Amino acid sequence: MAEEFDWIVRQAAVVSSESVSLRDVAVREGRIAAIGAGVEGSAREEVNGEGRYLFPGTIDPHVHFDEPGREEWEGIATGSRALAAGGGSLFFDMPLNSLPPTVDVESFLEKKRAAEATAVTDFALWGGIVPGNQKEREGLARAGAIGFKAFLSPTGTPEFGWVDRAALREGMRQAADFGLPVAVHAESERIVTELTQRLRAHGRGSWRDYLASRPLAAEIEAVRQALDCAGETGCRLHLVHVSAPEVVEIAQAERAKGVDVTVETCPHYLVLCEEELERLGALAKCAPPLRSRRQSEGLWRALLQEQIDLLASDHSPCPPAAKATSDFFAAWGGISGCQHLLPLLLDRLAAESGSHAFPLAARLCALGSARRFGIASKGAIAVGNDADLALVEVGEPKPIATKDLLYRHPQSPYVGLPSRASILLTLVRGEVAFSRFGHPLRARGRFLPGPCGLGQ
Ligand SMILES: [Zn+2]
């Protein structure tokens, strides 16, 4: 007799964005086909969910998988497998640090082909707003960019330029015409360049000097510029990797005035702080930099008060040699973390608030991005949605171990941090992208076009 379903996960604590309830979840042909207290029928694969949590597959809207061109830094095959091992079913790749950067249709299609060949999760692609690519942006929108990314300060890779306020405003005007959001890396070029030059001129290069070169004032100045431009153009603004509660507050105030802005933060600003840079060294170098413990706690409170829209890893890896220097300015800035977006959040929520707080994690790691970027078929466990599911066990804390990292280069400042949450199984449209039960991995990533894309 033929089975009615491909999968049934039985009696898991199903986490919606509102509540946690014991349910069976059945999957057929890549979609969620039934949810109920007891789903009748049989499946090719039945999974015992008792004592476990079933989350919507997470969405990480901010990763740098560096392909094409810098596969020796990460690559889509390793990056997407690490993402799936953390419960992820969809990533949005940033338009830099791949080579070429994703700033025209040709480079966009090249990256799309690369991801279609090796991704085990679904994917969307950002296009870049860089000086001189005005004429390429419509093509990027039509090719299916999920949005545009712009920097207000130097990027760390010379091939992806930064824009000044006038160029950002112009880019936002175009993006508003396409109905696409603009993600802004907000640090002031003026402040960062001046402070960096002054410190470098005195031969300084410690982690403390690096922090001094990128103060909160630099982030706030740029955030205000971006918010002004969004207000003037009506563009949807997405503030990436917000590092401090002061910035959240500014964004909230502008939102109350009608600016269409969302706030993203990353686990590293929540679970690490600048006091730990001495111990962690360049592994924890990022921009904006880690802030004080007080600010990290304030950011956590803002998250609990639902002033943060979504969480992203800003996974930005590099070969170990690029971190191995005593000059903190010269070290590559970027944190490897896409494997622990959900686990790190769950660990802290479980420790402080208990599992009744898990719906917040489902919103921050799945539904928040699905809503902001208009992905109707993902982000929640609901009948008809893509069967993107993550089965999670929450038990005794265990330290995150290097041997478990699936990155091309298994390094991360999160190694050694305790984690109560471990991912047992990740499905992408009903196919296995990660399994601790020994299932063969069959998931193949599919491109999700933005709203102007043709979906081909
Ligand atoms: Zn980034």
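The values are calculated or read from the model by the stated rules, or taken from the named source; none is laboratory data. Predicted model, so just to flag it, every value in this text is computed and none were measured. Here Cβ is always computed from backbone atoms with ideal geometry, including for glycine, and neighbour counts include all displayed protein chains. Heads up: the accessible areas ignore ligands, DNA and RNA and are worked out on the full protein's heavy atoms, side chains in. Shrake-Rupley method; radii C 1.70, N 1.55, O 1.52, S 1.80 Å.
Please give the helices (runs of 4 or more DSSP H) falling wholly within region 174-263 in which 2 or more residues are surrounded by 23 or more Cβ atoms within 10 Å (Cβ to Cβ) and within 16 Å of the ligand (Cβ to nearest atom).
Working: elements: 189-201, 207-213, 216-233, 245-256.
Output list reads 216-233.
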Worksheet item: Restricting attention to region 317-364, which residues are touching a strand residue (DSSP E or B) at 6+ places or on another chain (Cβ under 7 Å) and farther than 20 Å from Glu393 by Cα?
Response: Ser336
Worksheet item: Among the residues of region 288-306, is any of a type in the set (Lys, Arg) and within 16 Å of the ligand (Cβ to nearest atom)?
Response: no
Worksheet item: Given the residues Ala312, Ala253, which is the only one that is among the small types (Gly, Ala, Ser) and touching a strand residue (DSSP E or B) at 6+ places or on another chain (Cβ under 8 Å)?
Response: Ala312
Item to complete: Among residues belonging to region 34-75 that are within 16 Å of the ligand (Cβ to nearest atom) and not in a loop (DSSP other than H, G, I, E, B), point out the one that is surrounded by the fewest Cβ atoms within 10 Å (Cβ to Cβ).
Response: His62
Worksheet item: Going through region 389-440 one residue at a time, which ones are over 21 Å from His315 (Cβ atoms) and without any contact (Cβ under 8 Å) to a residue 12 or more places away in the chain?
Response: Val432, Ser435, Gly438, Pro440
Worksheet, complete the sentence: Going through (1) within 16 Å of the ligand (Cβ to nearest atom); (2) at pLDDT 95 or above; (3) in a loop (DSSP other than H, G, I, E, B); (4) not small (Gly, Ala, Ser) one by one, Thr157 fails only at (2)
Worksheet item: Out of Gln225, Gln174, Gln197, which single residue is without any contact (Cβ under 8 Å) to a residue 24 or more places away in the chain and either among the polar types (S, T, N, Q) or in contact with a helix residue (DSSP H, G or I) (Cβ under 6 Å, 6 or more places away or on another chain) (or both)?
Response: Gln197
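Within region 277-293, count every residue that is under 19 Å from Pro215 (Cβ atoms), of a type in the set (A, V, I, L, M, F, W, C) and not in a loop (DSSP other than H, G, I, E, B).
Here is the first cut: in region 277-293, the residues under 19 Å from Pro215 (Cβ atoms) are 277-278, 284-293.
Among the residues that remain, those that are also of a type in the set (A, V, I, L, M, F, W, C) are: 277, 284, 286-287, 290.
From the residues that got through so far, the ones that are not in a loop (DSSP other than H, G, I, E, B) too are 277, 284.
Selection size over region 277-293: 2.
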Fill in: Test result for Ser313, assigned to a loop (DSSP other than H, G, I, E, B), buried (at least 24 other Cβ atoms within 10 Å of the Cβ) and either on the phi > 0 side of the Ramachandran plot or not aliphatic (A, V, I, L, M) (or both)
yes
Worksheet entry | Candidates Leu349, Leu341 - the one that is in contact with a Ser or Thr (Cβ under 9 Å, 6 or more places away or on another chain), within 16 Å of the ligand (Cβ to nearest atom) and not basic (Lys, Arg) | Leu341
Worksheet item: Which one of Leu425, Leu448 is outside the structural domain of Ala117 (by TED's automatic domain parsing), under 21 Å from the mean Cα position of the chain (by Cα), at pLDDT 95 or above and open to solvent by less than 10 Å² (accessible area, probe 1.4 Å)?
Response: Leu425
